[in-house]
1. If packing is taken as the average number of other Cβ atoms within 10 Å across a peptide's residues, how do 24-36, 57-69 rank, most packed first?
2. For the stretch 117-183, what does the relative contact order come out to in percent, with C-alpha contacts under 8 Å and a separation of six or more?
3. Starting from the alpha-carbon convex hull of the stretch 117-183, give the projected area averaged over all orientations, in nm².
Amino acid sequence: MEGPLQITFRDMPPSASVEARVREQVAELEQSYDRIISCRVVIETPHRHQHKGRLYGVRVDLSVPGRELVIGSKPSQHHAHEDVYVALRDAFDAARRQLEDHARRERGQTKRHEPPAEGRVARLFSEPGYGFIETLDGREIYFHRNSIVDGTFEGLEVGTAVRFAEEPGEKGPQATTVRPRRKGHASAAGT
């Protein structure tokens, strides 16, 4: 790290053991990403009257090439943060994830989310509660009534356009989520 590590204690007395833990956590961050320019850590407790112990908040500000990363937890969000070491662990875990994402972006390895697959309901079996989707490329994908999102199994008809997420199943591909397409969907009951 180019600059010195800055550790600030707010509304609480400084602690040598907490400072040592922060230094360990920062050293681990530097091992996983060696281009950290500077790091500032703020550990605080709020001035509130609480029935239980004080909750700790930790903020980690990291300067890296081309970016400032600010990671923090508010003291009121997690009762597990009544322990300053748990609050530190959680903040530095989040910092590590953000550094990993930053490093992937630098290498051009950003995550790409595939759009959901599309198809139409090809067959329905009402009593056992399952059916099959015909994909745009002609394959059939099994789905269970519990896979339906934003609708009901009873609301499906053969020919209903759907979007779905697919994964391998015991007997072939299956849809883990099925969303009926509402766009342009006209009800035949009104005619």
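1. Values: 24-36: 14.5, 57-69: 17.2.
In descending order of packing, they fall as 57-69, 24-36.
2. On the way: 142 pairs, mean separation 22.1, N = 67.
It comes to 33 percent, rounded to a whole number.
3. Its average projected convex-hull area is 4.1 nm².
Bear in mind that the values in this text are calculations on the coordinates, not laboratory data. Being a predicted model, the structure only gives us computed values, none of them experimental. Positions of Cβ are generated from backbone atoms using ideal geometry, with glycine treated the same way; all protein chains shown enter the neighbour counts.
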